[in-house]
Amino acid sequence: MAKNIVIYTSKRGSTRQYAEWIAEDLGCEALPLSDAKGIDLHEYDCIIYGGWIRGSGIVDFDKFARMLDDELMNRLIVYGVGFADETAENYAQVWGYSLGKIDPKNDHRVRMYILGGRYDPAAVTGLDKFLMKTMRAVLLSGSTKDAKSQANMMKDRIDKGCDLVKRENIASLVKDAKKKADRQTAI
Ligand SMILES: Cc1cc2nc3c(=O)[nH]c(=O)nc-3n(C[C@H](O)[C@H](O)[C@H](O)COP(=O)(O)O)c2cc1C
């Protein structure tokens, strides 16, 4: 039987919610990264890392990546949770700040998913609030027509908040994880 694990970093719960749903569907454990230190990932057939997206980066992916080697990369699936739509531009940017840093030529063909997140402007404080203000200003400076309409939608989500978290968003990831685990157990 395949042995899988979900490891996540979540600040306000949506990434954890997805991790728990994925773990439930795969019949495995979901652990925050902070509790995953002593774990030997070689025991697992499919390893899933999920982190909330902050300034287009998947939070703590770099920390998690220190636990990986070439062999484990073949068992990996990554997801990021954010409020931006999964446009090609957004996908490329998030990929570049995460997987692109450890596998720039995509030799391991690790799948990355972007799942719809949750944002409540009233809950954001300190440095996060400052970063959001900067992001909002940068967004509004977009010049092309496409960039403008995407930017306006994002501005709306930043100002009014949004909740894009849905269980159905994990369907393709779970299917993929099952396939990966089956392939690994057949080796
Ligand atoms: C400071 C800050 C920066 C963010 N930057 C992005 C971003 O660049 N792209 C994106 O899609 N979402 C961004 N978000 C949205 C969150 O990542 C999203 O709402 C996510 O659901 C939060 O996950 P959590 O509930 O697990 O903490 C940002 C949120 C904050 C607070």
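The values are calculated or read from the model by the stated rules, or taken from the named source; none is laboratory data. Remember, it's a predicted structure, so these values are computed and weren't measured experimentally. Heads up, the Cβs are rebuilt from the backbone with ideal geometry, glycines too, and the neighbour counts pull from every protein chain shown. Accessible surface is based on the protein model in full, side chains and every heavy atom, while ligands, DNA and RNA are left aside. Shrake-Rupley method; radii C 1.70, N 1.55, O 1.52, S 1.80 Å.
Values computed for the structure shown
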quantity	calculated
Qualifying residues in region 155-171 (those that are surrounded by fewer than 17 Cβ atoms within 10 Å (Cβ to Cβ) and out of contact with any Phe, Trp or Tyr (no Cβ under 7 Å at 6 or more places or on another chain)) - the one nearest to Val138 (Cα to Cα)	Lys155
Unique match (being of a type in the set (D, E, K, R), in contact (Cβ under 8 Å) with a residue 60 or more places away in the chain and out of contact with any Gly (no Cβ under 6 Å at 6 or more places or on another chain)) among Arg66, Arg16, Arg75	Arg75
Region 114-129, subset assigned to a helix (DSSP H, G or I), more than 8 Å from the ligand (Cβ to nearest atom) and free of Cβ contacts under 8 Å to residues at least 60 places away in the same chain, residue nearest to Asp176 (Cα to Cα)	Pro121
Answer residue from region 35-52, given it is in contact (Cβ under 8 Å) with a residue 12 or more places away in the chain and open to solvent by 30 Å² or more (accessible area, probe 1.4 Å) and is nearest to the chain's Cα centre (by Cα) among those	Trp52
Residues within region 83-97 that are open to solvent by 10 Å² or more (accessible area, probe 1.4 Å) and within 12 Å of the ligand (Cβ to nearest atom), tallied	10
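For (1) touching a residue at least 40 places away in the same chain (Cβ under 8 Å); (2) within 16 Å of Gly117 (Cβ to Cβ); (3) part of a helix (DSSP H, G or I), each residue gets a yes or a no:
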| site | (1), (2), (3) |
| --- | --- |
| Asn152 | no, no, yes |
| Val165 | yes, yes, no |
| Lys180 | yes, no, yes |
| Thr185 | yes, no, yes |
